[in-house]
Amino acid sequence: MFMHKGKARTFRHNFRLAVFLSYTAGLVNICGVLALGVLTTNVTGHFAYFAEGVFKKDNLFSFNFLFYILAFLCGSFTSGFLTEYTARKGRHAPHNPAMFMEIFFLLSLGLFGDTLVKQGFSKPLMACTMLFTMGLQNSLVSKISNSAVRTTHLTGLFTDLGIELSQLFFYKGRGQQKHLLLNIGLRGGIIIFFFLGCVTGGFLYVHITFKVLIIAAATLVAALIYDNIRLRFYRISRSLRK
């Protein structure tokens, strides 16, 4: 699901990618809301709060939201740069640097987040770190899937889903209907697993607080291991057929 690109990608590759990473995004999102009071998987609402701070001349308030926006942008830039640089160097698995960076930050916050809060560490800075990781993830997933999968915010997904549901009434060809149903299934899968991440993350946060992010990091590790196992199995099967 990470290695296949362009025409080699199938619905199954994108769906597996969506399942693992949208669930991770749901976990991060609910943890950010409950622990820090900040949405950490998208920046749409942060623009409104930033504008509100400017209007009210509350510089500290507005700067916090400006930093949230820039943190997400920096994560997206870093992911795109690392992936492109690694691919141009001819390295195997160009997605690994961005994935490892995301795992590192999530694991660090999961292990030390509670301690940092108790010691009075800056919550806006912690929120920026989480937004940075989600920028990493969203950029990576978008690049791998040719923008077919977006795992960190749902506004565009519901827009696309609504359009495709309406098109079912007009595009009646068998190929057209199949294509639409596959897209609808992909959007639905992302929404469902993002929601499951939020629900399970919210339930677990009551008991383990920031350690929810350790589960998010473990989900990413599981995705890499799963993908590597499938790739090895595919290569062995292909060599045996030859």
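Once fully extended, how much extra length lies between LEU204 and GLU52, figured as 0.36 nm per residue of separation less the alpha-carbon to alpha-carbon distance?
51.4 nm
When 1/r is averaged over all different Cα pairs and the result inverted, which Kirkwood radius in Å belongs to region 8-241?
Every distinct Cα pair counted, the radius reaches 18.9 Å.
If r is the Cβ-Cβ distance from HIS179 to LEU125 and R0 is 51 Å, what FRET efficiency results, to the nearest 0.05?
Once rounded, the FRET efficiency stands at 0.70.
Which of rounded, prolate, oblate describes region 1-127, given a ≥ b ≥ c as roots of the alpha-carbon gyration tensor eigenvalues and a/c under 1.5 marking rounded, otherwise prolate only if a/b is larger than b/c?
prolate
In region 99-205, which trypsin sites (Lys or Arg not before Pro) fall in coil by DSSP and have 10 or fewer other Cβ atoms within 10 Å?
Sites meeting the loop and neighbour criteria: LYS172.
Anything in the chain that counts as a DSSP H helix reaching 24 Å or more along its axis (C-alpha) with Kyte-Doolittle mean of at least -1.0? List them, would you?
For the chain, where a helix must reach 24 Å along its axis and average at least -1.0, the hits are 11-36, 59-88, 96-118, 123-144, 174-208, 212-241.
How far apart, in nanometres, would the label points at PHE104 and THR44 be if each is projected 7 angstrom from Cα along the Cα-to-Cβ direction?
Spacing of the two 7 Å Cα→Cβ label points: 3.2 nm.
Per the helix-only calculation at 222 nm, which mean residue ellipticity applies to the chain, given -39500 (n - 2.57) for every DSSP H run of n ≥ 4 and division by its residues, nearest 500 deg cm²/dmol?
Mean residue ellipticity, 222 nm, calculated: -28000 deg cm²/dmol.
Every number here is computed from the coordinates shown, using simple stated rules; none is lab data. These numbers come from a predicted model, not from an experiment. Backbone-built Cβ (ideal geometry, glycine too); neighbour counts: all protein chains shown.
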